[in-house]
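Asks: Here you go, one structure.
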Amino acid sequence: MAARAYWQGQIRLALVSIPVEIYSATKSGAKIRFNQIHEPSGKRISYEKVVEGVGPVDRDDIIRGYEVSKGNYVLLEDEEIEAVKIESKRTLELVQFVDACEIDPLYFEKPYYVAPQDELAEEAFVVLREALRKAKKVALGQLSVRGSEKLVAIKPCGKGLLLETLRYADEVRAGQSFFDDIEETKPKKELLDLANTLIEQKTAPFDAGEFEDRYADALKKLIDKKAKSKSKKTIVEDVDEPESGGGNVIDLMAALKKSVGEDKPKKAPKRKKSA
């Protein structure tokens with residue numbers, strides 16, 4: 001089944017318009033979702049809309065409200081909310097260019113692939129891609145979709161472009177307040193050298209395929225095992241725990257030296273010469 005475009009329209013740079021299609025670059029993984037079940041009957045629990053002191057209410061009597069103070073709400077009709085929604089435009093205008101390192105990773109939200117809509121759009125698309133690559137810049141704009149407006153960044157990605165939605169400034173917490181209690185001290189050189197050696201030993205090219213969601217895998221196995229047993233008996237399996245040091249005081253120097261020693265690459269066994 002062909003992927004469905006998240007957005008279709010044109011990227012505009014000054015007087016140049018490039019027809020493009022945007023596709024989600026991510027998909028739902030192996031997440032396991034649970035439902036709440038009434039154990040005696042084995043049936044799923046449903047929820048009613050209720051009002052304190054009134055009881056169950058009709059769905060037609062429900063409107064949206066914004067709490068301005070404790071227990072006080074501004075009530076809004078659907079028509080009022082619809083009236084202020086941003087009109088879904090079919091043009092994404094590139095309004096600014098920045099160095100990629102200028103955007104803090106905290107602001108990046110979700111990635112999308114951008115591809116030319118047809119062969120006629122390819123030439124202009126390739127020019128934009130290569131211009132961004134040569135300038136080592138990221139393009140910024142605002143994408144209007146589904147009634148809201150998203151801040152986006154666009155950069156080269158192989159033969160295509162990668163669009164990433166960004167969080168607005170008021171959606172990101174300032175992190176420095178969480179670090180106030182950390183003392184401004186420099187580590188000992190020997191400790192730093194050992195830590196750097198450990199980092200070098202564990203350095204390798206990134207490959208997401210090397211990592212698996214062990215929790216999801218364990219849940220699947222548990223569900224399969226319980227489904228086959230058809231029993232309500234609780235199944236609890238021991239999980240290997242990391243070895244405990246036996247206290248909070250750690251000899252950092254000894255721990256780092258031991259770690260570096262354990263992670264030394266093993267020499268390949270020598271091959272015997274053939275007769």
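The values are calculated or read from the model by the stated rules, or taken from the named source; none is laboratory data. These figures come from a predicted structure and were not determined experimentally. Heads up, the Cβs are rebuilt from the backbone with ideal geometry, glycines too, and the neighbour counts pull from every protein chain shown.
Asks: For the range 183-198, state whether one or more residues are closer than 30 Å to TYR113 by Cβ, at pLDDT 80 or above and not in a loop (DSSP other than H, G, I, E, B). I'd like the intermediate steps shown before the answer.
Replies: Taking the range 183-198 and keeping what is closer than 30 Å to TYR113 by Cβ, we get none.
There is no residue in the range 183-198 that is closer than 30 Å to TYR113 by Cβ, at pLDDT 80 or above and not in a loop (DSSP other than H, G, I, E, B).
Asks: Moving on to the next point. Would you call ILE22 over 24 Å from the mean Cα position of the chain (by Cα), closer than 22 Å to PHE108 by Cβ and not in a loop (DSSP other than H, G, I, E, B)?
Replies: No, not satisfied.
Asks: Next question, about the same structure. Would you confirm whether any residue within the range 177-189 is hydroxyl-bearing (Ser, Thr, Tyr), in contact (Cβ under 8 Å) with a residue 24 or more places away in the chain and farther than 30 Å from ILE32 by Cα?
Replies: No.
Asks: Give all pairs with beta carbons closer than 7 Å in which a residue from the range 123-137 that is surrounded by 12 or more Cβ atoms within 10 Å (Cβ to Cβ) meets a residue that is of a type in the set (Phe, Trp, Tyr) and modelled with pLDDT of 95 or more; count only pairs at least 6 apart in sequence or on separate chains.
Replies: What qualifies is LYS137/PHE97.
Asks: Can you say whether LEU140 is touching a Pro at 6+ places or on another chain (Cβ under 8 Å) and among the hydrophobic types (A, V, I, L, M, F, W, C), as far as the supplied structure shows? Give the steps one after another, and end with the answer.
Replies: Details: touching a Pro at 6+ places or on another chain (Cβ under 8 Å): no; among the hydrophobic types (A, V, I, L, M, F, W, C): yes.
Taking the combined requirement at face value, the residue does not satisfy it.
Asks: Of THR26, THR91, which residue is in contact (Cβ under 8 Å) with a residue 60 or more places away in the chain and loosely packed, with under 10 Cβ neighbours inside 10 Å?
Replies: Residue meeting the stated conditions: THR26.
Asks: May I pose another question? Just a yes or no: is a residue in the range 55-75 touching a residue at least 60 places away in the same chain (Cβ under 8 Å) and surrounded by fewer than 16 Cβ atoms within 10 Å (Cβ to Cβ)?
Replies: Within the range 55-75, the subset touching a residue at least 60 places away in the same chain (Cβ under 8 Å) is none.
No; the residues of the range 55-75 include none that is touching a residue at least 60 places away in the same chain (Cβ under 8 Å) and surrounded by fewer than 16 Cβ atoms within 10 Å (Cβ to Cβ).
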